[in-house]
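**Student:** After the structure tokens below, expect a handful of questions from me.
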Amino acid sequence: MKNSHSNIFAFNKKILKKTTKNLIIGNVAALPTETVYGLAGNAYLKKAVRNIFRLKGRPQSNPLIIHYYNFQKAREDVVINKFFKKLYKKFCPGPITFILKKSRKSKVHPIACANLNSIAVRFPKHKIIRSILKKTNFPLAMPSANKSTNVSPVNSIDVLEEFNNKIKIIIDGGKSKIGIESTIVDLTSTPTILRPGIISKNMIEKTLKIKVKSKKKFNEIKSPGMMKKHYSPGMPVLINQTKPDGKSAFVYIGNRYKGKKNFFSLSKNFNLEVAASNLYRTFRIIKRKGYKKIQISKIPLVGCGIAINDRIKRASKF
Ligand code: TXA
Ligand code: MG
């Protein structure tokens, strides 16, 4: 069954077959995950990987995350270590990405990993992406399904907004529950958080029973994509704001400005997980309404607030 947009499809057996057929030959498809929507291609095929970089306008130096159904399917491509085993057992499938050493016999195309000897692997939880990964005998290289530097999409219409008709298959899996990208943890040496997410540093430390580092500044080789402007809603974003200027969209947490024009609450009940899940959605709503600037009030730097602050700080580098 097709949706009202000709390239957005509801999920069923027929579209599952059509999607896997396309992925096998190196075409791409936009697929839902529990974090954000991704632009997926066969990670073993040069054609597919190149397609992804081209469509996103992504610099070749910025590596992609490789998505697998389970540990068993990933073991040929990576060098397994004890930290990975522990974190996998605790959090997977789920919103966490591991940087591991790439194995010498890995079939993942070098371009997907920006020719690094490390590889980012993730085991997503959303049932649609899992049913596709289960059916294929290759993993999926899959960055967020947005043009480079834009906000990640959290539903199928957002993907359409990013790419119009350039992507022939967009599978609708409803709104992404988590709404921000996975936590990235580098396990190639002392465990280090490269990108905060809803799986927090604390949760990782508890599982590994060691102190984990957090990278404040990302160097060129570790995470090239994280240096420049990122997560940008396409207009200036001002953070830690206290005075609404009267004409910008004012984003906050709570219900202080309930029902007032220009005010957008991320969570009425001060729930930071809910706030994270509404962040990109709210940015897009604001853009569609024609605002020219976003003011954001202070977001507490605890729990999911750490990930929210990370994203809005980058969004503010307009
Ligand atoms: O939730 C997510 O992780 C989503 C969904 C679709 O799975 N994906 C996602 O991918 O956010 P992307 O490409 O938008 O962000 C991946 C980040 C990039 O900033 C990239 O630099 C980093 O992962 N990365 C990939 N491979 C790496 C590596 N070998 N070492 C360090 N960072 C790496
Ligand atoms: Mg992205």
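**Student:** Which is among the acidic types (Asp, Glu) and open to solvent by 30 Å² or more (accessible area, probe 1.4 Å), of Asp172, Asp186?
**Tutor:** Asp172
**Student:** Look at the range 140-194 and say how many of its residues are of a type in the set (D, E, K, R) and not in a loop (DSSP other than H, G, I, E, B).
**Tutor:** If we filter the range 140-194 for residues that are of a type in the set (D, E, K, R), which is where we start, we get 147, 158, 161-162, 166, 168, 172, 175, 177, 181, 186.
Going one step further and asking which of them are not in a loop (DSSP other than H, G, I, E, B), we end up with 158, 161-162, 172, 186.
Qualifying residue count, the range 140-194: 5.
**Student:** Residues in the range 224-243: is at least one open to solvent by 60 Å² or more (accessible area, probe 1.4 Å), at pLDDT below 95 and within 28 Å of Ser156 (Cβ to Cβ)?
**Tutor:** First, pick out the residues of the range 224-243 that are open to solvent by 60 Å² or more (accessible area, probe 1.4 Å): 227-229, 238, 240, 242-243.
Right, trim to at pLDDT below 95 and you get 227-229.
Now drop any that are not within 28 Å of Ser156 (Cβ to Cβ), which leaves 228-229.
Scanning the range 224-243, I find at least one residue that is open to solvent by 60 Å² or more (accessible area, probe 1.4 Å), at pLDDT below 95 and within 28 Å of Ser156 (Cβ to Cβ), so the answer is yes.
**Student:** While we're here: Which residue, of Leu187, Leu133, Leu208, is modelled with pLDDT of 95 or more and either in contact with a Cys (Cβ under 9 Å, 6 or more places away or on another chain) or away from ligand 1 (no atom under 15 Å from the Cβ) (or both)? Quick ask: steps written out before the conclusion?
**Tutor:** On the way: Leu187 fails: either in contact with a Cys (Cβ under 9 Å, 6 or more places away or on another chain) or away from ligand 1 (no atom under 15 Å from the Cβ) (or both); Leu133 fails: either in contact with a Cys (Cβ under 9 Å, 6 or more places away or on another chain) or away from ligand 1 (no atom under 15 Å from the Cβ) (or both).
Of the residues listed, the single one that is modelled with pLDDT of 95 or more and either in contact with a Cys (Cβ under 9 Å, 6 or more places away or on another chain) or away from ligand 1 (no atom under 15 Å from the Cβ) (or both) is Leu208.
**Student:** Would you please list the contacts, defined by Cβ atoms under 8 Å and residues six or more apart or on different chains, that run from a residue in the range 94-116 that is in the same structural domain as Pro32 (by TED's automatic domain parsing) to a residue that is open to solvent by less than 50 Å² (accessible area, probe 1.4 Å) and at pLDDT below 95?
**Tutor:** Partner pairs satisfying both residue conditions: Ala114/Pro224.
**Student:** Scan the range 112-127 and give yes if some residue there is among the β-branched types (Val, Ile, Thr) and either outside any strand (DSSP E or B) or open to solvent by 10 Å² or more (accessible area, probe 1.4 Å) (or both), otherwise no. It would help to see each step written out before you state the result.
**Tutor:** Here is the first cut: in the range 112-127, the ones among the β-branched types (Val, Ile, Thr) are 119, 121.
From what is left, the residues that are either outside any strand (DSSP E or B) or open to solvent by 10 Å² or more (accessible area, probe 1.4 Å) (or both) are none.
Looking through the range 112-127, none of the residues is among the β-branched types (Val, Ile, Thr) and either outside any strand (DSSP E or B) or open to solvent by 10 Å² or more (accessible area, probe 1.4 Å) (or both).
**Student:** OK, next. Restricting the search to the range 139-161, which residues are farther than 10 Å from Tyr280 by Cβ and open to solvent by less than 20 Å² (accessible area, probe 1.4 Å)?
**Tutor:** Selection gives Pro139, Leu140, Ala141, Met142, Pro143, Ala145, Ser156, Val159.
**Student:** Those residues that are within 16 Å of ligand 2 (Cβ to nearest atom) and among the basic types (Lys, Arg), I need them from the range 129-182; list them, please.
**Tutor:** Within the range 129-182, Lys147 is the sole residue that qualifies.
**Student:** Applying the selection to the range 279-308, what residues are in a helix (DSSP H, G or I) and either open to solvent by less than 30 Å² (accessible area, probe 1.4 Å) or among the aromatic types (Phe, Trp, Tyr) (or both)?
**Tutor:** Leu279, Tyr280, Thr282, Phe283, Arg284, Ile286, Cys304, Gly305, Ala307, Ile308
**Student:** Output the number of the condition that Phe98 fails; it satisfies all remaining conditions of (1) open to solvent by 40 Å² or more (accessible area, probe 1.4 Å); (2) in contact with a Leu (Cβ under 9 Å, 6 or more places away or on another chain).
**Tutor:** The one condition Phe98 does not meet is (1).
**Student:** Going by what's in this entry, would Ile157 be described as closer than 20 Å to Asn51 by Cβ and more than 13 Å from ligand 1 (Cβ to nearest atom)?
**Tutor:** Working: closer than 20 Å to Asn51 by Cβ: no; more than 13 Å from ligand 1 (Cβ to nearest atom): yes.
In short, no.
**Student:** Within the range 309-318, how many residues are among the hydrophobic types (A, V, I, L, M, F, W, C) and assigned to a loop (DSSP other than H, G, I, E, B)?
**Tutor:** Residues meeting the conditions: 1.
The values are calculated or read from the model by the stated rules, or taken from the named source; none is laboratory data. Note that the coordinates shown come from a computational prediction; the quantities given were computed from them, not determined experimentally. When we count neighbours, we look across all protein chains shown, and the Cβ atoms used for this are built from the backbone with ideal geometry, even at glycine. Heads up: the accessible areas ignore ligands, DNA and RNA and are worked out on the full protein's heavy atoms, side chains in. Shrake-Rupley method; radii C 1.70, N 1.55, O 1.52, S 1.80 Å.
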